[in-house]
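The values are calculated or read from the model by the stated rules, or taken from the named source; none is laboratory data. In this text the structure is predicted, and so the values were computed from the model without any measurement. Methodologically, a virtual Cβ is constructed for each residue, glycine included, from the backbone with ideal geometry; neighbour enumeration extends over all protein chains shown.
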Amino acid sequence: MIPLSYYLILSAAFFSIGIIGVLTRRNAIIIFMCIELMLNAVNLTFVAFASFFGDSSGQIFVFFVMAVAAAEAAVGLAIIIALFRNKLTINVDEVNILKW
Amino acid sequence: MITNYIYLAVVFPLIGFLINGLLGSKIKNEKIIGWIGSGVVGIAFLISLLSFLEISGLPESERNVIVPLFKWIAVEGLDISFSYLVDPLSLVMALVVTGVGFLIHIYSIGYMHGDKGFWRFFAYLNLFIFMMMNLILADSFVLMFLGWEGVGLCSYLLIGFWYDRKFENSTTADAAKKAFIVNRIGDFGFLLGMFLIYKTFGSLNFDDVFSMATKIPVAEVTITMITLFLFIGATGKSAQIPLYVWLPDAMAGPTPVSALIHAATMVTAGVYMVSRCSVLFVQSEITMTVIAVIGALTAIFAASMGLVQNDIKKVLAYSTISQLGYMFLASGVGAFTAAIFHLMTHAFFKALLFLGAGSVIHAMHEEQNIKNMGGLKNHLPITYKTFLIASLAIAGIPPLSGFFSKDEILWETFATGHTLLYLIGLITALMTAFYVFRLFNLTFEGNPRYPSHIHPHESPKVMTIPLIILAVLSAIGGFVGIPAVFVGESGNLFANWLKPVYEPAETYLLHVNLYSHFTEIILMLLSVAVAVIGILLARHFYLQNIKPIEWFINRFKKFYTLLFNKYYVDEIYDFLIVTPLVKVSEKFLWKINDTMIIDGFINGTAEMIDETAKLIRKIQTGIAQFYALIMIFGITLIIFLLLL
């Protein structure tokens with residue numbers, strides 16, 4: 001049996017990759033994908049703990065996260081499309097119009 | 001009891017003010033505005049008259065009715081109700097104010113005809129009557145103060161009524177401001193007096209204060225301070241030395257205003273207040289002496305300035321100051337009845353003189369210089385006759401009203417042992433007769449000196465009828481107060497009527513009958529002789545032989561210039577008080593204190609916030625990822641802290 005710590009290290013690695021991606025990349029779609037990566041890293045932690053403790057609530061939580069992630073993907077991609085139609089770019093550095 | 005409805009006499013002028021003030025510009029019709037304005041005052045007069053008749057039917061001890069209206073100020077330790085005091089004194093005042101006021105309102109319909117501010121004029125006049133009635137009927141110092149300030153406001157509004165006109169070297173607005181500011185100085189004294197009364201007696205209600213003042217012993221110093229402060233208020237409102245300077249300038253207002261406010265009613269408020277508080281004043285010998293001396297000095301001082309003025313209204317203004325001086329002289333020697341008696345007769349003949357002057361000014365197309373008049377008696381027969389009656393009355397020719405009241409003042413002054421003040425009063429009487437007949441002769445007698453293109457015409461009926469009524473009052477008004485020496489104590493109706501009001505004060509006054517009836521009659525003849533001499537001198541100099549006057553002017557050029565320039569009092573005040581104040585205000589209070597310190601502090605605060613914001617603003621990069629980075633650092637920090 002693979003120890004719990006392996007799962008946690010893997011998910012922490014995924015999460016860190018996601019954070020670095022969000023912070024460093026400028027392409028909105030890549031940022032978006034990195035967010036998804038972070039969500040799935042968390043999902044992995046949930047599932048690992050659920051199996052480790054023999055408690056199914058963690059698995060149920062994963063379904064919620066996936067549902068929310070799906071909704072978020074729909075909204076987020078819509079925003080990105082709207083953004084591209086208006087500014088002809090999805091580079092986040094060029095859409096800092098809230099800055100005074 | 002109709003007396004319980006006395007508040008209607010106050011409410012009606014207020015209604016008139018509201019109608020004319022709010023709707024006047026819409027009504028436009030002068031007749032409607034004028035008759036609403038006059039009518040409400042007429043109603044107030046009727047109510048006062050009915051109350052008077054009712055009160056006079058009551059036994060003497062019950063002639064003191066308090067009409068409570070509502071609670072005004074009720075806080076811990078201070079309970080002031082809004083209620084009116086109806087007693088013989090306030091009734092006399094109410095009758096004079098509403099009666100003379102009513103006549104002047106009617107006169108104004110004619111005088112103000114065609115003025116673009118016609119409705120505004122009547123609104124102000126109604127507001128004035130409302131405030132004056134509050135002052136008179138007040139049963140506490142606070143309500144009196146309300147009226148006191150209110151009439152000051154109306155005086156200001158009406159002096160500056162023709163705010164776009166020039167007046168002497170400045171504008172009417174400046175004259176109005178002067179009146180208001182000088183009055184404020186007096187009002188400050190009144191206010192201090194009120195505070196001291198509250199501190200001493202714990203109440204501001206007339207009944208409480210006066211009854212306590214007779215019962216509990218109060219330190220001489222305290223009562224002197226209280227009365228002196230109140231008297232400062234009176235010098236402001238009633239134009240006495242040293243605060244008289246505003247009244248001559250107040251002539252910038254329309255003539256009916258001068259008649260109503262600056263001759264007959266408002267300026268007598270100080271005399272009324274001293275009379276009302278007589279029981280306080282008599283307890284301080286110092287204050288009484290101060291009042292008598294200031295009164296006598298003002299009387300002779302103002303009369304001397306009146307001798308040389310050439311503006312018809314200015315002469316009357318100085319005359320008013322002088323006559324008010326008489327009233328204070330009477331109050332100061334304890335003859336409060338005589339003061340109020342003179343107040344009433346003065347209201348009649350001085351209002352008449354002013355309205356007559358207004359009629360002359362009207363006829364001469366706004367000409368006010370008597371040097372450019374003369375021979376008007378053929379053109380203005382009614383004005384001429386009524387003016388003559390008023391002039392004789394103010395000069396003190398029996399049996400016109402002025403004789404009785406002025407003589408009573410002089411006699412009381414003499415009888416109480418103030419011989420020097422009596423002499424001043426007598427000389428003033430001579431001057432009074434002289435200046436008023438100088439004015440009269442230069443205006444109505446002799447040959448015309450005005451340009452031939454002016455055709456003087458008699459005023460319309462709406463103006464002459466009030467003149468005639470006032471002339472009748474000036475002629476017979478004195479008979480209510482025939483001296484006791486002729487008709488016995490019970491024959492002097494006026495003194496008997498006011499007696500209950502002054503009873504508490506009388507106990508403090510020592511009445512030693514130093515002199516016999518014979519002396520009184522001799523003095524009476526003396527004052528008549530003085531008046532006749534004054535009239536004859538004026539007649540001789542200004543109609544037959546002007547040479548002695550010219551010789552006098554050339555011989556005593558300096559003295560004449562001094563008189564003509566009103567002793568330079570305005571200039572002295574300007575130099576000593578006004579200019580330093582303006583300088584300090586401009587150079588320090590404005591340029592340094594206001595601009596640099598206060599504005600600097602406010603602007604500095606704003607700038608500091610602005611600068612800080614400019615620094616902190618840099619954190620807001622607008623890059624979402626930067627914010628996310630900060631968040632992650634933050635969260636990491638929190639997690640570390642929690643783990644530790």
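With at positive phi and over 13 Å from the mean Cα position of the chain (by Cα) as the only criterion, which of A:Gly54, A:Gly58 stands out?
Details: A:Gly58 fails: at positive phi.
Within the list A:Gly54, A:Gly58, the selection yields A:Gly54.
Whether any residue in segment B:503-514 is polar (S, T, N, Q) and part of a helix (DSSP H, G or I) is what I want to check. No, segment B:503-514 contains no residue that is polar (S, T, N, Q) and part of a helix (DSSP H, G or I).
Take A:Asn86 and decide whether it is surrounded by fewer than 17 Cβ atoms within 10 Å (Cβ to Cβ), of a type outside the set (A, V, I, L, M, F, W, C) and either within 14 Å of chain B (Cβ to nearest Cβ) or closer than 29 Å to B:Ile623 by Cβ (or both). Criteria met by A:Asn86.
Does any residue of segment B:579-602 turn out to be surrounded by fewer than 14 Cβ atoms within 10 Å (Cβ to Cβ), closer than 30 Å to B:Leu442 by Cα and more than 14 Å from chain A (Cβ to nearest Cβ)? No - not one qualifying residue is present in segment B:579-602.
For the structure I just gave you, tell me whether B:Tyr573 is in a helix (DSSP H, G or I), more than 14 Å from chain A (Cβ to nearest Cβ) and modelled with pLDDT under 85. Criteria not met by B:Tyr573.
Would you point out the residue of segment B:529-557, among those that are more than 25 Å from B:Gly396 (Cβ to Cβ) and of a type in the set (Lys, Arg), that is nearest to the chain's Cα centre (by Cα)? Checking each candidate, the answer is B:Lys557. Just checking, which of A:Ala71, A:Ala78 is within 13 Å of the chain's Cα centre (by Cα) and loosely packed, with under 14 Cβ neighbours inside 10 Å? Only one candidate passes the filter, namely A:Ala71. Do the conditions hold for B:Leu280, that is, is it within 14 Å of the chain's Cα centre (by Cα) and more than 16 Å from B:Asp187 (Cβ to Cβ)? The answer is no for B:Leu280. Among the residues of segment B:55-69, the one identified as among the charged types (D, E, K, R) and surrounded by 17 or more Cβ atoms within 10 Å (Cβ to Cβ) is B:Arg63. Taking the residues in segment B:12-39 that are within 21 Å of B:Phe52 (Cα to Cα) and without any contact (Cβ under 8 Å) to a residue 40 or more places away in the chain as candidates, determine which candidate is surrounded by the most Cβ atoms within 10 Å (Cβ to Cβ). The selected residue is B:Phe12.
Could you list, in sequence order, all residues of segment A:1-42 that are among the β-branched types (Val, Ile, Thr) and either within 11 Å of chain B (Cβ to nearest Cβ) or part of a helix (DSSP H, G or I) (or both)?
Of segment A:1-42, the ones among the β-branched types (Val, Ile, Thr) are A:2, A:9, A:17, A:19-20, A:22, A:24, A:29-31, A:35, A:42.
Once the filter is applied, which keeps residues that are among the β-branched types (Val, Ile, Thr) and either within 11 Å of chain B (Cβ to nearest Cβ) or part of a helix (DSSP H, G or I) (or both), segment A:1-42 yields A:Ile9, A:Ile17, A:Ile19, A:Ile20, A:Val22, A:Thr24, A:Ile29, A:Ile30, A:Ile31, A:Ile35, A:Val42.
Filtered by the rule that a residue be in contact with a Gly (Cβ under 8 Å, 6 or more places away or on another chain) and either part of a helix (DSSP H, G or I) or small (Gly, Ala, Ser) (or both), segment B:437-460 gives B:Phe437, B:Leu442, B:Thr443, B:Phe444, B:Gly446, B:Ser459. For segment B:206-272, the helices (runs of 4 or more DSSP H) that sit wholly inside it and include 2 or more residues that are aliphatic (A, V, I, L, M) are B:206-215, B:220-237, B:255-259. Hey, B:Met131 hits all of (1) in contact with an Asp or Glu (Cβ under 9 Å, 6 or more places away or on another chain); (2) crowded, with 24+ Cβ neighbours inside 10 Å; (3) in contact (Cβ under 8 Å) with a residue 40 or more places away in the chain but one; which does it fall short on? Every condition holds for B:Met131 apart from (3). Counting residues in segment B:317-334 that are of a type in the set (A, V, I, L, M, F, W, C), surrounded by fewer than 24 Cβ atoms within 10 Å (Cβ to Cβ) and more than 13 Å from the chain's Cα centre (by Cα) gives zero. Checking the stated criteria, B:Phe121 turns out not to satisfy the condition of being crowded, with 17+ Cβ neighbours inside 10 Å, of a type in the set (Phe, Trp, Tyr) and in contact with an Asp or Glu (Cβ under 6 Å, 6 or more places away or on another chain).
The condition (being touching an Asp or Glu at 6+ places or on another chain (Cβ under 9 Å) and in a helix (DSSP H, G or I)) is satisfied by just one residue among B:Ile361, B:Ile300, B:Ile340, B:Ile321: B:Ile361.
When B:Ile469 is tested against (1) buried (at least 21 other Cβ atoms within 10 Å of the Cβ); (2) under 28 Å from the mean Cα position of the chain (by Cα), exactly one condition is not met: (1). Here B:Tyr107 qualifies as hydroxyl-bearing (Ser, Thr, Tyr) and in contact with a Pro (Cβ under 9 Å, 6 or more places away or on another chain). Of the residues making up segment B:616-644, those that are assigned to a helix (DSSP H, G or I) and within 14 Å of another protein chain (Cβ to nearest Cβ) number 18.
How about segment B:154-183: which of its residues are in a helix (DSSP H, G or I) and surrounded by fewer than 16 Cβ atoms within 10 Å (Cβ to Cβ)? Lay out the reasoning, then the answer.
Going residue by residue through segment B:154-183, those that are in a helix (DSSP H, G or I) are B:154-159, B:172-183.
Scanning segment B:154-183 gives a single hit, B:Ile181.
Examine segment A:20-36 for a residue that is within 27 Å of B:Gln625 (Cβ to Cβ), out of contact with any Phe, Trp or Tyr (no Cβ under 7 Å at 6 or more places or on another chain), surrounded by 11 or more Cβ atoms within 10 Å (Cβ to Cβ) and among the small types (Gly, Ala, Ser), and state whether such a residue exists. Yes. In this entry, B:Ile226 passes the filter for residues that are crowded, with 18+ Cβ neighbours inside 10 Å, farther than 30 Å from B:Gly42 by Cβ, more than 16 Å from the chain's Cα centre (by Cα) and not assigned by TED's automatic domain parsing to the domain that holds B:Ala74.
Of a type in the set (Asp, Glu), at negative phi, crowded, with 19+ Cβ neighbours inside 10 Å and in contact with a helix residue (DSSP H, G or I) (Cβ under 9 Å, 6 or more places away or on another chain) - does that describe any residue in segment B:200-218? Can you show your working first?
Going residue by residue through segment B:200-218, those that are of a type in the set (Asp, Glu) are B:207-208.
Those still in the list that are at negative phi too: B:207-208.
Pick out the ones that are also crowded, with 19+ Cβ neighbours inside 10 Å and you get none.
Checked segment B:200-218: no residue is of a type in the set (Asp, Glu), at negative phi, crowded, with 19+ Cβ neighbours inside 10 Å and in contact with a helix residue (DSSP H, G or I) (Cβ under 9 Å, 6 or more places away or on another chain).
For segment B:70-120, give me the residue count where each residue is in contact with a strand residue (DSSP E or B) (Cβ under 7 Å, 6 or more places away or on another chain) and among the polar types (S, T, N, Q). So the answer is 2.
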